[in-house]
Amino acid sequence: MTETSPDLAERYLAELDRLLTHADPDERADVLASVREHIEAALAEQAAQGRAPDVAAVLAGLGSPEQVAGGVRGDGRPVGPIPLAVGSRAAALTGTWVAPVACLLLIVGALGGIVFAPLLLWVGGAILMAASPLWTTREKVLALVVSPIGYLAVVVGATWSVWKVECSQTFDGSGTLLQSTGMCSPGTNIGASIGLVVVATLVVAAFAYVVVLWRRGAARAERLSAPATAD
Amino acid sequence: MPRMVPSDESILTHLRRGALEFCVLALLQRGEWYGLDIARRLSLDGVLLHGEGTLYPLLARLRRAGHVETSWRESTAGPPRRYYTLTPDGLQALETFRATWVPFRNAVDSALEGPQS
């Protein structure tokens, strides 16, 4: 082999991109992303079957870049779907704003805890994420389960500080402890500290996951909507 | 003048233009598929699809027209995939095509076979 397989695929995509220079930017980006996905999926499939990656065969199956681009241009002949009287559905939630907004709402809504309208913000983020096709179902479920942990942490933290302040002990005349509330003994403090560390770790993990989804969603939106300039 | 006689492939190219998108919609009516699977299924016999890649401009247009929707799914092998599903608009377009296709096919058949006595 005189050139590596990725080069072959990249050259194919670059050629397709060049041929689509005058196509609608949206359509151009969509076609390039789908063809790239096709190549990646076909190669992953070969790998899963224990075969050596054969990019040339995958590209041969796709047809030439000219053939694919011809489908976009339609060669001057109308080939688009027949328009319906009912008017088409609003564009799906795949804009580049969707990932940052949804994830920020989830984080701020959860972190805001009891301070300000947390539920509203969080629910907004949750609905946006659930309705957007930028994430897989598994990712959505995990994010929606995991992000309220931040809210939980604020509640636990607030409860803990109140409880600590309210430590009060009552002794009888001989110095015997009659009653103790709150965190007065060192043992309770250690327990609470461990608890806090655990909660803090959970919160960091939860928000880290939301941030990961933010980046994934943004990358996917980019692939779908940005005019491709693969240079 | 041999140039005036269209080849099999050029006739097929013309016929595909009107029908292929509805074959995609019909496929999606029976379940959700991702790009590679649709391409494989439709290019099985080389009649409907010539070159798997030519499917993607079609899918892009169907998506923009609101006839199909995409969503990301995890995959057991490789990166997450975009799955295509039929929208209510797409279903309506498909039903309209179905209702039109049968009389069209019959008319073509009867024209090719000559008048029935």
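We did not get these values from a lab; they are worked out from the coordinates using the rules stated. Quantities reported herein were computed from a predicted structural model and do not represent experimental measurements. Cβ: placed from backbone, ideal geometry, glycine included. Neighbour counts: every protein chain shown.
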Across (1) on the phi > 0 side of the Ramachandran plot; (2) touching a helix residue (DSSP H, G or I) at 6+ places or on another chain (Cβ under 9 Å), B:Ala39 clears everything bar (1)
In the range B:53-88, how many residues are facing chain A (nearest Cβ under 7 Å) and more than 22 Å from A:Ala29 (Cβ to Cβ)? 2
Subset of the range B:20-42 (residues that are within 11 Å of chain A (Cβ to nearest Cβ) and farther than 19 Å from A:Val68 by Cβ): B:Phe22, B:Leu25
Please identify the pairs in which a residue from the range A:133-146 that is more than 8 Å from every other protein chain (Cβ to nearest Cβ) and surrounded by 16 or more Cβ atoms within 10 Å (Cβ to Cβ) has its Cβ atom under 7 Å from the Cβ atom of a residue that is assigned to a helix (DSSP H, G or I) and among the aromatic types (Phe, Trp, Tyr), counting only partners at least 6 apart or on another chain. A:Leu142/A:Tyr209; A:Ala143/A:Tyr209; A:Val146/A:Tyr209
Does B:Asp37 satisfy the condition of being assigned to a helix (DSSP H, G or I), free of Cβ contacts under 8 Å to residues at least 60 places away in the same chain, touching a His at 6+ places or on another chain (Cβ under 7 Å) and surrounded by 13 or more Cβ atoms within 10 Å (Cβ to Cβ)? no
Please state which one of B:Leu12, B:Leu25 is in a helix (DSSP H, G or I) and surrounded by 19 or more Cβ atoms within 10 Å (Cβ to Cβ). B:Leu25
Does the range A:13-62 hold any residues that are among the small types (Gly, Ala, Ser), without any contact (Cβ under 8 Å) to a residue 40 or more places away in the chain and farther than 13 Å from B:Leu36 by Cα, and which are they? A:Ala47, A:Ala48, A:Gly50, A:Ala52, A:Ala57, A:Ala60
Within the range B:89-104, track down each residue that is within 10 Å of another protein chain (Cβ to nearest Cβ), in contact (Cβ under 8 Å) with a residue 12 or more places away in the chain and out of contact with any strand residue (DSSP E or B) (no Cβ under 6 Å at 6 or more places or on another chain). B:Asp89, B:Ala93, B:Phe97
